[in-house]
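Here the structure is laid out as structure tokens; the discussion comes afterwards.
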Amino acid sequence: MKTTYLIGNGFDLNLGLQTKYSDFYKYYLALPRDSLSDYILQFRKDLEEEQLGEISKWADLELALGQYMEKFEEKDIDGILGLLNDVQDSLAEYVDLQDVHFSISEEDKKKVCKDLFYPEQYLTPREQQNLNNYKRTFSASTFETNILIFNYTKTFEKVFDYSEKELTLGSHTVANTTYSHILRTIEHIHGDTNSNMILGVNDISQICNEKIREMTKLRRAIVKPEMNLNAGTLRDDRAASLINTSDLVCIYGMSLGETDKTWWQLIANKMTTSNLRVIIFSRNAGINQRQAYLLQNEKDEMVDRLLNSAQINPKQKDLIRDRVFVCFNSNMFNAERIMHSAKKELSVLQEAI
């Protein structure tokens, strides 16, 4: 049986890292402004003014950058590229601060490992029964897991001491048959802070400026699929192949946002041609646990968000929606004994700036 995880920023947040875009903005706006272009200076000013408001459109940096493009003309292309590079380089520096001092206890490593191979433990008893019955249909003696990471950090690699070689991480026995747990691949979809870092929108429709959205230089700098294509790493092809050959897909710490729509479409379309199961782990502070029907309504909305990303007719949706499980506010990948000093170092750096 093959399981593929799509891991978003919620994983790093659960491990105590300050990797929200709102955390990055505080750092970014405190950086020196000497020798910066007028484009970058204006951008920082606009961002600063926006952050002073009660509601910020910059909750999603990537989508907001696409909207910010409406300010420009074709003649501004070099200034735009300089601006995008400044944001990306600054974000990379900030992420490295968060990543470099991260460490995790051996006890918590065991918990994260168990969570990785038993995600169904956080579902309702009925859902667990459903998924376990599905797992029993597989006769292979290996449970293979692959990780597609949408973050720039290397926290997952550190947790498992992973170095581009598959790992055997335990096993379990059922009816005298032993099933090995194999961590096969960890793939960074958007690169990392050292190489091929990708920050941008899903497609040109999210560049809110018809005058410049077709410009080749801009598309190469801000449209994720084109950035991956031009990087030539084939990581997007490998990721698509993993999803298309998976029996179970788990989405953790991701909002199912528009800037990664390509992947939601791929998963939803795969469900129409296979028995693929999907588990979505998400945070929702407004969930009311007392009324079960309200909780189910929230789950239905999350399922619809996934399935509506693809062009699936209503009859097909009804047939596959019962194969999507949603779990809110679980203890999945929650490690309480994290030890890292990035927060302290960041405070010292910001004070120095």
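General observations
- Helices (runs of 4 or more DSSP H) contained in segment 1-96 and holding at least 2 residues surrounded by fewer than 19 Cβ atoms within 10 Å (Cβ to Cβ) and free of Cβ contacts under 8 Å to residues at least 12 places away in the same chain: 38-51
- Top-ranked residue in segment 122-148 [being assigned to a helix (DSSP H, G or I) and charged (D, E, K, R); ranked as farthest from R277 (Cα to Cα)]: R126
- Filtered residue count, segment 160-191, keeping only those that are at pLDDT 90 or above, under 20 Å from L13 (Cα atoms) and either hydrophobic (A, V, I, L, M, F, W, C) or in contact with a Pro (Cβ under 8 Å, 6 or more places away or on another chain) (or both): 2
- Some residue of segment 205-213 being among the aliphatic types (A, V, I, L, M), touching a helix residue (DSSP H, G or I) at 6+ places or on another chain (Cβ under 7 Å) and within 29 Å of Q67 (Cβ to Cβ): yes
- Residue match in segment 127-135 (condition: open to solvent by 70 Å² or more (accessible area, probe 1.4 Å) and charged (D, E, K, R)): no
One line per residue, one yes/no per condition, for (1) over 21 Å from F333 (Cα atoms); (2) open to solvent by less than 70 Å² (accessible area, probe 1.4 Å); (3) not hydroxyl-bearing (S, T, Y):
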| site | (1), (2), (3) |
| --- | --- |
| E157 | no, yes, yes |
| S163 | no, no, no |
| H181 | no, yes, yes |
| T185 | no, yes, no |
| G191 | yes, yes, yes |
| S195 | yes, yes, no |
| G200 | yes, yes, yes |
| E210 | yes, no, yes |
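- Tallying residues that are at pLDDT 90 or above, of a type in the set (D, E) and out of contact with any helix residue (DSSP H, G or I) (no Cβ under 7 Å at 6 or more places or on another chain) within segment 77-106 yields 4.
- Pairs, first under 12 Å from K158 (Cα atoms) and open to solvent by less than 30 Å² (accessible area, probe 1.4 Å) in segment 102-115, second of a type in the set (S, T, N, Q) and in a helix (DSSP H, G or I), C-beta under 6 Å, six or more apart: F102/T155
- Residue count, segment 212-259 (criterion: part of a helix (DSSP H, G or I) and acidic (D, E)): 4
- Picking from residues in segment 309-318 that are surrounded by 13 or more Cβ atoms within 10 Å (Cβ to Cβ) and either among the charged types (D, E, K, R) or out of contact with any helix residue (DSSP H, G or I) (no Cβ under 8 Å at 6 or more places or on another chain) (or both), the one that is nearest to L13 (Cα to Cα) is K317.
- Filtering segment 262-308 to residues that are basic (K, R), in a helix (DSSP H, G or I) and surrounded by fewer than 18 Cβ atoms within 10 Å (Cβ to Cβ) leaves only R305.
The values are calculated or read from the model by the stated rules, or taken from the named source; none is laboratory data. Everything numeric in this text was worked out from a predicted model, so none of it was measured. A quick note on method: Cβ atoms are made from the backbone with ideal geometry, for glycine too, and the neighbour counts reach across all protein chains shown. For accessibility, only protein heavy atoms count, side chains too; no ligands or nucleic acids. Shrake-Rupley method; radii C 1.70, N 1.55, O 1.52, S 1.80 Å.
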